[in-house]
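Reviewing the structure listed below.
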Amino acid sequence: MNPTNTPTTSFASPTIVPTLVPSKQRAAKREHATAEQAVVFGSQNHLVGIYHPTTNPVDAETAVIFVTPGMLHNAGPFRLHVDIARQLGCRGVASFRFDLSGIGESLPVGASGRSIDRASDEIREAIDWLQEQHGIQNVILFGLCSGADDSIHAAQRDSRVSGIITMDACGFSTRRFRWNRIRHHYVPRLASLDAWKRLSRRVLGKTSALAWLLQLLPDSSSPEYSTMPIGSDLREYPAREIAEVEFQSLVDRGCRLHMIYTGGALEIYNYAEQFFEMLPGVRWNDQATVDFYPEMDHVAILCEDRKKIVDRVTERAVEFAQQG
Amino acid sequence: MKSVDSITPFIDLFWQQCEATPDRVAVVQDDCSWTYRELLSQSCHVADSLRTAGVQPGERVGVCVDRSPIAIASMLGIHLAGAAFVPLDPEYPAERLRFMLDDAKIKTLIGHARYRSLFDANDSTTSSTNSGATLKWVDASDLIRDGISPSFPVRENYFKLTGEQLAYVMYTSGSTGNPKGVLINHAALTTYCEADMEVYRLHADDRTLQFSTLTFDIAIEEIFPPLLCGSCVVVRPLERANSANELSHLIDTLQITAVHLATAYWHQWVDLMVATDSQVPSSLRLMVVTGEKVSVDHYQRWQTICDHDVLWCNAYGPTEATVTATVFVPEADFSAANMPIGKPLPGYSAAIFDKDLNEVAVGETGQLFIGGPALADGYLNRPELTQAAFIERKDSDGETQRWYRTGDIARWMDDGNIDFGGRVDHQIKLGSYRIEPGEIEAALTSISEVKEALVTAETLDGQTTLLAHIGLGADALSANSIDKEASNELTATAAKIAKQLREKLPPYMVPTRFVFVEHFPKTINGKIDRENLPDSSHAVVAREESLVAPQSELQKQLCEIWSSVLQVPQIGIDDDFFLLGGSSLLVTQVVARLKNQLGLELPVRDFFANPTIELAARHIQAMLGDESKTADEATAAIQSQRDRLPVMEAFFLPSGSHDLFAVHYSPPSRQTRRNRAVVLCHAYGHEYARSYRNLQQLAVHLAQQGFDVLRFDYAGTGNSHGNALEASPHVMMKNIRDVSNWMRQRHELDSVSLIGIRLGATLAACSAATGIDQQLLWDPVVCGETFLQSLDELHSETLSNEMRFARPRQSSSIDQAYGTRLNHVIRRQLSQLKLNLSDSQDDPATTLLLSRDYVVPGIDAPQSLINGSVIQMDDEIGWDRPELNESAFSSPGAIRHITKLLVDESDAGCAIEVQS
């Protein structure tokens, strides 16, 4: 019997009606909290973002912009962007995180062109907003996966980008990469029955007779669900030759780069020095640094990994900001 | 349960009735009227004649006789001779009749002389059998005895029967093309008759119309039970009445009190009465409808034309369970969308089993099985069919019970009635959807123009789509002649019907093409004759009036691709891919086809940014270097898309010591506001990421329907303030209360609606939030402890399975589960969380929305969680699939059901889930 007509629960918290506090009053009460500003911006009022200010800026004209990865929204995977924004705020760097159109809270209005160009346009709109509202002149872009590709591409098109920090950005093959791949990826799979089955299905399943034979194998575990695993979208980074030109151009104009690679990108990147070896034609002028975390996954699911990323990104962003 | 041997055969009960009421009229047709004494005497005469003709006990005797008193006496006389009768319809093709003769090894046949040639072995038009040559013909007219013996017949002079002996063989259609004979014994017949008398409250003053042909088991229903209560069987007159409404005329003039009709005929009769503005005949007190699914719409029409008390019954039963197995008698306030088939008759049992023959819980669907002494012995000469259809199963007491597999989909309802879901073998698989055509047919027949509907699948050019046959009635269709103008009219009718269907069903369930007929052809049993329906070459395509058709070749190509991928027959250039059921996985299929057809590979996110055909086509044109569109046109298209989308505000709102990130969606400026507000409650942990996009899509869609919607993040989650260790269930429930109050105050409303998904649903239900008019709980977490356990298992598995990490990782000292930081407070509060809605009343109105693959560990029937409505959805989400943990999904079914529930709660009937 439940005399209160409410569902059975172990909890019985009293109901408290929130007082609608005017924003300034709330700001006084919760300075740390209300300092963040949620906004709808963009040419069609279709983009949603959150500005995280700082009270003691290392450079009042520099802020970090978080570029959304894939289909994930602006809080970042497991709140990665939120955590970095908070730490940046404490260390004197303001930040802005927002959703590209059609992703997260931002509405799809059908801006055409390559998605990477569209992302650049929207990043430009975010920079414009920061410039207009907070006097920001320089931005450091942080992007993971496709967010990394978008960041590098946007930097080509907007000189206000003074620094880029990426996670699992582009990767090009090198001799050492290929050797590592054979040693650490293919050789162990020679002993894996599952790997052989997957290969058989992929290679042999194309003919009808063999497809029939393969039916004898247990069904693939791939579900019929209407979902797509994370990170399986098309990557849009340019060919190596173009990438070299682009990176050179960024370095030449003084843009600072910090590239983070994780074990989640082993298919394209598998040793610490690969970044410099895969783009041998670029004169880096000590403006690029690389971290490689082979034990870490693509989105830093573990709290300890996330802390490493938060600390490292904050550290580099603060350095970039200090250098103006 | 009575043993078969202990059940008195029908003929002995009938004999007792004759002794009890010898002078009451038993059967009447035109000028012929026999009392019970006379009917018994005639029956005994038939038995004597058969014995003279050499009929032995246990033989099968054919009966090819028109509806008549002598037909009844023949069936009874055959029993008195110790034989079983086999009804044979003279309308059947000669070949079919001969098959039955052979199959049933019929040596003796009672028939009218005019039908004798049907059984002539020398008929060269058919393949010859031996039966015709050896058949003993007993002319029915010779069996009629003019004078009645003054002495009452003596039972001992006739064969003594037992319950297990065969009473009759009723042929039904078989899947192989040959009919199959269903063997009904005397115990089954008695069990049925006694149940029939009780449920239909038969009494001596009843006058039951014998309307059906003898080869349909409605005839058994019309003839046998009334003869056990001293009532009168009124056989349909030989001459057809000269009346537009023959049945009403018969009932009126013959003062009929009880009528049994096949569903299709009953539908027609109701339509006829409505059309002629006539009332249900006043003498009628019992109306039994049987054979096919009853349209609720017709039942409602019936109520409008019935101005006196009539016991209206929806009877369900396969021939294999002796006429009728379950009966539903609607309450006065019946208003469900589906007409249930009721409860088992006395002496019958019913069960709904899954594919492994486990009983399903209330609300879950499975296949209906019938048990009890009324079951047939099996099929004549078809042991393999018998074995497949009649199974033995141990029940929970360890006793073995025999069951008949009906092949019908059904589910138990909370009130003990059974809901009918159509035939298992009529299910249609369309892409990833399993469709029950009965659901579409019910929606079709609820449309006023549609008298009859039948939905099937057709495959054209390798593409499977839905085809609807529609019976419009003579008047409606005759107005449409066969010229081009009429063809346009039919197309318009199809468009009108499709438009109304779209309001009731998801897009993939709306048929693409429609074939219109006056009336469906019927089999001799009154069922739809599927084989003789017009083929699909007569079909017209429904064009949606509001649908903006594709203009350019690229738009047409895209429409075709989307239509194929989404299994949605028609797509307008303004339709949103994701609201039509699209997901990121389906986008990859679109991407693959574009690559094949246009050589253009696009990232999935392009389709998130360009979710309509118009936008996607423009985007692709630009990618292909087509500069034909001017900047103004591009701007106009963007503006047009934006105008269709909600007005958004993003802000932080207070809840205790936290500020919560929230986005408020207001209806687009052109949309009328409903003055209703909705708050969306997110899932927790990794499920937050999975469901985020779906709730955002839901918010957009609801705003487009005129609702004000608020989506927010709990403290310590998403973009809200606080850290993950503050996101305890206590805090999150407080957030829900505060946000609901905030929303009420903002819109000056007395109440708002809450929609929660997974843990968000649980927290919403447990939050004790006030001012909530409706709460919709989508796949709620029922037991916090189990949820926590699965979270920990998932975390541990993720560290070791090398799918996410290149090498297995060890757990650190940090308390966490799959990306979410935890501590003992959160763990304790989560563990204590239990959802139990079964005691809750209807305030607020609560509905459970369950995805197809939603499972609650330890609970067989999630429906039992709630004392309210439950909606089973077709969409699968895969909450327990670790490889999909952060993948967005689409659930157009949820969006549709939620919208429907919010827009009009009374319209939200429970869908029948179809399981393979």
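The values are calculated or read from the model by the stated rules, or taken from the named source; none is laboratory data. Bear in mind that the values here come from a model prediction, so they are computed numbers and not experimental data. With ideal geometry, Cβ positions are generated from the backbone for all residues, glycine too; neighbour counts draw on all protein chains shown. Each accessible area value is taken on the protein alone, full model and side chains, heavy atoms only, with ligands, DNA and RNA left out. Shrake-Rupley method; radii C 1.70, N 1.55, O 1.52, S 1.80 Å.
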Amide H of B:Gly378: which non-local residues (sequence gap of 5 or more, or other chain) have their own amide H closer than 5 Å, using H built in the peptide plane?
B:Leu183
Calculate the spin-label point distance for B:Asp23 paired with B:Gln255, positioning each point 7 Å from the Cα along the beta-carbon direction, and give it in nanometres.
1.8
Angle between the Cα long axis of helix B:613-623 and the longest principal axis of chain B, 0 to 90 degrees, nearest 10?
50
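Mind ranking B:Lys107, B:Lys293 by accessible surface for me, highest first, 1.4 Å probe? Could the numbers behind the result be given before it?
Details: B:Lys107 110, B:Lys293 55 Å².
Output order, biggest surface exposure first: B:Lys107, B:Lys293.
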Any chance you could check the Cα centroid distance between the range B:553-624 and the range B:269-320 for me, in angstrom?
49
So how tilted is helix B:36-52 from the main axis of chain B? Cα-based, degrees 0 to 90, rounded to 10.
80
Buried accessible area for the B:A pair, summed, 1.4 Å probe, in Å² rounded to 100?
7900
For a quick check: with amide H placed at 1.01 Å from N, whose amide H comes under 5 Å from B:Ser869's, ignoring anything fewer than 5 positions away on the same chain?
B:Thr846, B:Leu848
Excluding residues fewer than 8 places away in the same chain, name every one of the aspartates and glutamates whose C-alpha is closer than 15 Å to that of B:Lys556.
B:Asp574, B:Asp575, B:Glu614
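Might you report the magnitude of the Cβ-based charge dipole of the range B:349-416 about its Cα centre, with Lys and Arg at +1 and Asp and Glu at -1, to the nearest 20 debye?
Numbers: 7 positive and 13 negative charges, 63 e Å.
The calculated dipole for the range B:349-416 is roughly 300 debye.
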In whole Hz, with x marking every Gly and Pro, tabulate ³J(HN,Hα) for the range B:599-611 from phi via Karplus 6.51 cos²θ - 1.76 cosθ + 1.60, θ = phi - 60°.
x, 10, 9, 10, x, 4, 5, 4, 7, 5, 7, 10, x
Label point at B:Asp30 placed 7 Å out along Cα→Cβ; residues across the range B:188-230 whose backbone nitrogen lies under 17 Å
B:210-211
Restricting to DSSP H runs of at least four residues, report the calculated mean residue ellipticity at 222 nm for the protein assembly as shown, -39500 (n - 2.57) per run over all residues, nearest 500 deg cm²/dmol.
-10000 deg cm²/dmol
Once you place label points 7 Å from the Cα toward the Cβ at B:Val329 and B:Ser640, how far apart are they in nm?
6.0
In nm, the gap between the two label points placed 7 Å beyond Cα toward Cβ at A:Arg283 and A:Glu295 is 4.0
Projected onto the charge dipole of the range A:73-187 (+1 at Lys/Arg Cβ, -1 at Asp/Glu Cβ, origin at the Cα centre), which of A:Trp129, A:Ile182, A:Ser151 gives the Cα projection farthest towards the positive end?
A:Ile182
Students often get this wrong, so check it: of B:Lys136/B:Lys160; B:Lys355/B:Lys451; B:Lys293/B:Lys499; B:Lys293/B:Lys834; B:Lys105/B:Lys160, which have C-alpha atoms separated by over 30 Å?
B:Lys355/B:Lys451; B:Lys293/B:Lys834
Protein chains only, probe 1.4 Å: how do B:Lys522, B:Lys343 rank by accessible area, largest first?
B:Lys343, B:Lys522
If you put +1 on each Lys and Arg Cβ and -1 on each Asp and Glu Cβ, how big is the dipole of the range B:553-644 around its Cα centre, in Debye rounded to 20?
280
Round to the nearest 10 and give me the degree value, 0 to 90, for the angle of helix B:186-199's Cα axis relative to the longest principal axis of chain B.
60
Please calculate the 1.4 Å probe accessible area of A:Glu246, with all protein chains present, and give it to the nearest 10 Å².
30
Note the full-extension length gain between B:Glu649 and B:Glu518 as 0.36 nm times their separation in residues minus their Cα-Cα distance, in nm to one decimal.
41.7 nm
Averaged over its residues, how many other protein chain Cβ atoms are within 10 Å of peptide B:596-602's Cβ atoms?
1
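Packing-wise, with mean Cβ within 10 Å as the measure, how do B:251-261, B:414-424, A:148-158 rank, highest first?
Those peptides, ordered most packed to least, come out A:148-158, B:251-261, B:414-424.
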Which of B:Tyr714, B:Ser657, B:Leu749 sits closest to the plus end of the dipole of the range B:618-769, meaning its Cα is farthest towards the positive end, when Lys and Arg get +1 and Asp and Glu get -1 on the C-beta?
B:Leu749
How much length would be gained if the chain were fully extended between B:Leu311 and B:Asp397, taking 0.36 nm per residue of separation minus their Cα-Cα distance, in nm to one decimal?
27.3 nm
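Round to the nearest 0.05 the FRET efficiency obtained for B:Lys556 and A:Ile182 when R0 = 45 Å and r is the Cβ-Cβ distance. Could you put the intermediate results ahead of the total?
Numbers: r = 48 Å, r/R0 = 1.06.
E(calc), rounded to 0.05, equals 0.40.
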Students often check this: by mean Cβ neighbours within 10 Å, which of B:531-540, B:155-164, A:261-270 ranks highest, and how do the rest follow?
A:261-270, B:155-164, B:531-540
Work out the charge dipole of chain B with +1 on the Cβ of Lys and Arg and -1 on the Cβ of Asp and Glu about the Cα centre, then indicate which of B:Gln401, B:Ile256, B:Leu380 is farthest towards its positive end.
B:Gln401
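Using 1/(1 + (r/R0)^6) with R0 = 30 angstrom and r between the beta carbons of B:Ser448 and B:Ala94, what's the FRET efficiency to the nearest 0.05? Intermediate results must be reported in sequence, preceding the final value.
On the way: r = 43 Å, r/R0 = 1.43.
Taking R0 as 30 Å, the efficiency between B:Ser448 and B:Ala94 is 0.10.
Dipole of the range B:211-309, Cα-centred, from +1 at each Lys and Arg C-beta and -1 at each Asp and Glu C-beta, to the nearest 20 debye? Please report the intermediate quantities before stating the final value.
On the way: 5 positive and 12 negative charges, 20 e Å.
Here the size comes out at about 100 debye.
How about the range B:273-380: which chymotrypsin sites (Phe, Trp or Tyr not before Pro) there lie in a loop by DSSP and see at most 16 other Cβ atoms within 10 Å? Before the final figure, lay out each step's value.
Details: sites: B:Tyr299, B:Trp302, B:Trp312, B:Tyr316, B:Phe328, B:Phe334, B:Tyr348, B:Phe353, B:Phe369, B:Tyr379; in loops: B:Phe334, B:Tyr348.
Qualifying residues, ordered by number: B:Phe334.
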Would you pull out the residues with amide H under 5 Å of B:Thr35's amide H, same chain only if 5 or more places away, H placed 1.01 Å from N?
B:Ala26
FRET efficiency (B:Glu531, B:Val274; Cβ distance; R0 35 Å; to 0.05) is 0.70
Average beta-carbon neighbours from other chains, 10 Å sphere, peptide A:35-41
5
